[in-house]
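K.L.:
Mind looking over this structure? Questions follow.
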Amino acid sequence: MEENGNKLHKTMTSQPGMSDVVLGCVMPYIDDPKDRDAVSLVCRRWYELDALTRKHITIALCYTTSPDRLRRRFRHLESLKLKGKPRAAMFNLIPEDWGGYVTPWVNEIAENFNCLKAVHFRRMIVKDSDLEVLARSRGKVLQVLKLDKCSGFSTDGLLHVGRLCRQLRTLFLEESSIIEKDGQWLHELAVNNSVLTNLNFYMTDLVKVSFEDLEFIAQNCRNLASVKISDCEILDLVGFFHAASVLEEFCGGSFNEQPERYTAVSFPPRLCRLGLTYMGKNEMPIVFPFASLLKKLDLLYALLDTEDHCLLIQRCPNLEVLETRNVIGDRGLEVLARSCKRLKRLRIERGADEQEMEDEEGVVSQRGLMALAQGCLELEYLAVYVSDITNASLQYIGTYSKNLCDFRLVLLDREERITDLPLDDGVCDLLRGCEKLRRFALYLRPGGLTDVGLGYIGQYSSKVRWMLLGYVGESDAGLLEFSKGCPSLQKLEMRGCCFSERALAASVMQLTSLRYLWVQGYRASESGHDLLAMARPFWNIELIPRIVGEDPVIEHPAHILAYYSLAGPRTDFPESVIPLDPSAAGISS
Amino acid sequence: MSRATVELDFFGMEKANSCKSQFQKFIDRRRSFRGIQGAISKMNPELIKSVIASGSTNRNPVDWRKSFSVPSSPKEDRSTSLPSLPLLNPALRSIPSEESPETAPLTIFYNGTVSVINVPRDKAESIFKLAVEGSSKNIESVDSSKAANPSSDQQNLLEARNGDLPIARRKSLQRFLEKRKESSEIFSVEWVGIIRFKMSTSIVLGSCQGFFFHLWREPHKIHEEGVPQGNEPYVSARSPING
């Protein structure tokens, strides 16, 4: 290796031109961000070449750097993904005004990023004016615009996008909070665009859109492959489905009429990814004719019970991705394990808590997990809310799910008694068995995992980069043991901890790869000073203090957010967020 | 009071006329509820009395078939015609005073049937106990569930067991579950509101769970045997959102 390095060094110093040519040919094939990261650290020349040729950057937290720094390093960037609010915002745990404003980034993009074709903002605050600036400056070249779980804008902002971004292939608005004035934006898109391939305003509550505009888009855009909409009556979309001849993915809609009328709906021939919202038992049969083609099924917002799931799933032998609620039940998982051998991704969300709103059979436990592990050997992603769990079921996953990269388990709190706690051994076996694991979430309850178990997590999660831990461990000792391991852990989220500030600070200092920490619910010290033990250069510490509401009486425990930043502390704090300034003598609460 | 038997298509056994416009269906539905109220007041109290009397001879309070009831239309047998339905009505109020003072009419909704029986207080309590035992822990009467129902947002944030943080739910799913619940509650409120009107003892048991779960499971059954359907959100248990 060293010889090679020396050789290269000699080549570079003696014939810089040649090595540049060679590098110039090779570099574009290097896409993986980690590889690029390594490449850029070799020497100055390689750093510069990487900077010139890097196509895409993801900034995991927009406050870790500044638009200016980005421009100085990656002037020719073609694609940018920015994330703002902590992930907890998806669960209503972060104040709406927390931050993550796109404005400074949009302004920089408008002025300097001349090659930028794709923009993805996730969990950020976007204003109509931002959309206007973006559309006016980059509208002619913009091909991808994703406003992913964003808020702060209205359909007026989207008008600019529809009118000016005529090259847009992808418009993605899923789960954004959009103030709806009218449906004109979709009409503008329909009139001005003929190259759209992906249109997504799923889960946005936009109701003033007209199905005629959808049909218009399908007629004009011959490459329309994926459409995910809000609640538009399915019978109104017959014309749309007829026109969208190459459609592969469709989600959304609603069923307000008699079920017999839906037999008249014929779906496009290539449709293989489907999610019909509010679909019930009586409408389900319209999917049967092409169920064997389905690769992805979204039943999160359907109205099916356990039996319905069984009936549908057994007809989908080619299913690769399934998302549903725990109404699928153990029985549904057993059917899934028998029928869907190609399953790669499974997400089982938590259904309604009230007994009368969901099927009695709709609980997932160790029984379903064990069947799943044995049956679906290609599983790469598993996220599940369980009502009961055992060590054995986790051991099964460790034994069979060798391709698992992402595992998330939440133990629901409805049952008083859980069959088999603590889960120390099961977690240990799972981590040791699933060698490809990169993302791991375990959300239990007091007694769910001892300090020993927490130590196992640290010891056996060598490749895990992101973790969410809820109600694990028993004492500070467990956390400290945990933090001796986790060599790859970059982002740690914790909730409901029994750990003290001192232990949290100490563990942060021990986790060698940690660059982001979020904690809610911990043993706070009186002054908050104990957290300062983790004060260090480039490390921003922010608090969202404990809130006690009056009406209704609710309590939000305090959050800690800490992250490395090249841009110094934020300058746009709302009142609800307080920076912890190590240089200050006292901390105001 | 009229002696004529009032026949109410309470569960809409005659298939809803699907050619009707949305607006027409809306009006029809409104009318049918008002109609029920109007019809109730026109019912023959003698008829009611006889029904109640036969109901109260029930040994087993849980034997729905013996008490006067409207059968729900089972999947296999939709052609069953409905008996005429003298239902719970304000006129019944006068009846307890004619019976022994300890008994009161008990109205029970179960699995699409409505039953009225006159029972003494202790019997009523044992019926309550039976129902509570027979169903899950989370059963509440509609009233208390309405009153005690915080918005799911609050639910999210209320401290659960032992001051622990409650498990937070994803926003999109939260909204979906809320919409679904609102839709079913609105429907149930309409029913229960009218039926409970002027009743001295009427309990909508957790067995409404059976009924309203039935609603959610087979909503289009309801469209055939229930009230005429329409497109307005509060009646469309299928899709809470106006398309």
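K.L.:
At q = 0.07, 0.09, 0.10, 0.12 Å⁻¹, work out log10 I(q)/I(0) for chain A with the Debye formula, treating every Cα as an identical point scatterer and leaving solvent out; two decimals please.
P.N.:
-0.49, -0.83, -1.03, -1.44
K.L.:
While we're here: What is chain A's relative contact order, in percent, from Cα pairs under 8 angstrom and six or more apart in sequence?
P.N.:
Details: 1343 pairs, mean separation 34.8, N = 589.
About 6 percent, as a whole number.
K.L.:
Using 18 Å as the Cα-Cα cut-off, could you pick out the over-long pairs in A:Lys341/A:Lys402; A:Lys55/A:Lys81; A:Lys34/A:Lys484; A:Lys436/A:Lys484; A:Lys344/A:Lys436; A:Lys34/A:Lys81?
P.N.:
Working: A:Lys341/A:Lys402 14 Å; A:Lys55/A:Lys81 11 Å; A:Lys34/A:Lys484 23 Å; A:Lys436/A:Lys484 20 Å; A:Lys344/A:Lys436 14 Å; A:Lys34/A:Lys81 16 Å.
Check vs 18 Å cut-off fails for A:Lys34/A:Lys484; A:Lys436/A:Lys484.
K.L.:
Placing +1 at every Lys and Arg Cβ and -1 at every Asp and Glu Cβ, with all other atoms neutral, what dipole size does chain A have around its Cα centre, in debye to the nearest 20? Before the final figure, lay out each step's value.
P.N.:
On the way: 70 positive and 80 negative charges, 637 e Å.
Result for chain A is approximately 3060 debye, rounded to the nearest 20.
K.L.:
Which of A:Met90, A:Met534 has the fewest other C-beta atoms within 10 Å, and how do the rest follow up to the most?
P.N.:
Numbers: A:Met90 18, A:Met534 22.
Ranking A:Met90, A:Met534 by Cβ neighbours within 10 Å, fewest first, gives A:Met90, A:Met534.
K.L.:
Taking neighbour Cβ counts within 10 Å as the exposure measure, how do A:Phe573, A:Phe201 sort from fewest upward? Mind dumping the intermediate values first?
P.N.:
Numbers: A:Phe573 14, A:Phe201 24.
Ranking A:Phe573, A:Phe201 by Cβ neighbours within 10 Å, fewest first, gives A:Phe573, A:Phe201.
K.L.:
Further, regarding this structure: Considering only DSSP beta bridges whose two residues both sit in chain A, what percent are antiparallel, to the nearest 5?
P.N.:
Working: 15 of 93 bridges.
So the antiparallel bridges in chain A amount to around 15 percent.
K.L.:
Relative to the present Cα-Cα distance, how much length would full extension add between A:Lys436 and A:Ala392 at 0.36 nm per residue of separation? Mind showing how you got there, number by number?
P.N.:
Values: separation 44, 0.36 × 44 = 15.84 nm, distance 2.03 nm.
Additional length available on full extension: 13.8 nm.
K.L.:
Identify, among A:Phe216, A:Ser230, A:Leu274, the residue whose Cα sits farthest towards the positive end of the charge dipole of the range A:197-287, taking +1 on the Cβ of Lys and Arg and -1 on the Cβ of Asp and Glu, with the dipole about the Cα centre.
P.N.:
Result: A:Leu274, furthest along the dipole toward the positive end.
K.L.:
Run the numbers for A:Ala535 and A:Gln510: contour at 0.36 nm per residue of separation, minus the present Cα-Cα distance, in nm. If you can, show how the numbers build up before the last one.
P.N.:
On the way: separation 25, 0.36 × 25 = 9.00 nm, distance 1.30 nm.
That works out to 7.7 nm of additional length.
K.L.:
Shifting gears a bit: Using Cα-Cα distances under 8 Å and only pairs 6 or more residues apart, what relative contact order does the range A:18-144 have, in percent? Write out the running numbers ahead of the final one.
P.N.:
Details: 162 pairs, mean separation 26.2, N = 127.
Normalised by residue count, the contact order of the range A:18-144 is 21 percent.
K.L.:
Here's a follow-up. Once the piece of chain linking A:Ser488 and A:Ser292 is laid out straight, how much longer is it, given 0.36 nm per residue of separation minus the C-alpha distance between them? All intermediate terms of the calculation are to be shown ahead of the outcome.
P.N.:
Details: separation 196, 0.36 × 196 = 70.56 nm, distance 4.02 nm.
Stretched out fully, the A:Ser488 to A:Ser292 stretch lengthens by 66.5 nm.
K.L.:
Rounded to the nearest 20 debye, what is the charge dipole size of the range A:260-375 about its Cα centre when +1 sits on each Lys and Arg Cβ and -1 on each Asp and Glu Cβ? Show your work: numbers first, answer last.
P.N.:
Working: 17 positive and 18 negative charges, 209 e Å.
It works out to roughly 1000 debye.
K.L.:
If each of A:Ile59 and B:Asp122 carries a label point 7 Å out from its Cα toward its Cβ, how far apart are those two points in nm?
P.N.:
7.7 nm
K.L.:
Additional query: As I understand it, the dipole of chain A uses +1 on the Cβ of Lys and Arg and -1 on the Cβ of Asp and Glu, about the Cα centre. Which of A:Val464, A:Leu561, A:Leu444 lies farthest toward its positive end?
P.N.:
Checked the options; the winner is A:Val464.
K.L.:
Using +1 at the Cβ of each Lys and Arg and -1 at the Cβ of each Asp and Glu in chain A, identify which of A:Gly157, A:Ala244, A:Thr65 lies farthest towards the dipole's positive end.
P.N.:
So the residue furthest toward the plus end is A:Thr65.
K.L.:
Charges only on Cβ, +1 for Lys and Arg, -1 for Asp and Glu: so what's the dipole of the range A:416-506 about the Cα centre, in debye to the nearest 20?
P.N.:
Taking the Cα centre of the range A:416-506 as origin, the dipole is about 560 debye.
Computed from the coordinates by the stated procedures, all read-outs in this text should not be read as laboratory data. Please read these numbers as outputs of a predicted model, since none were measured by experiment. We place every Cβ from the backbone using ideal geometry, glycine too, and count neighbours over all the protein chains shown.
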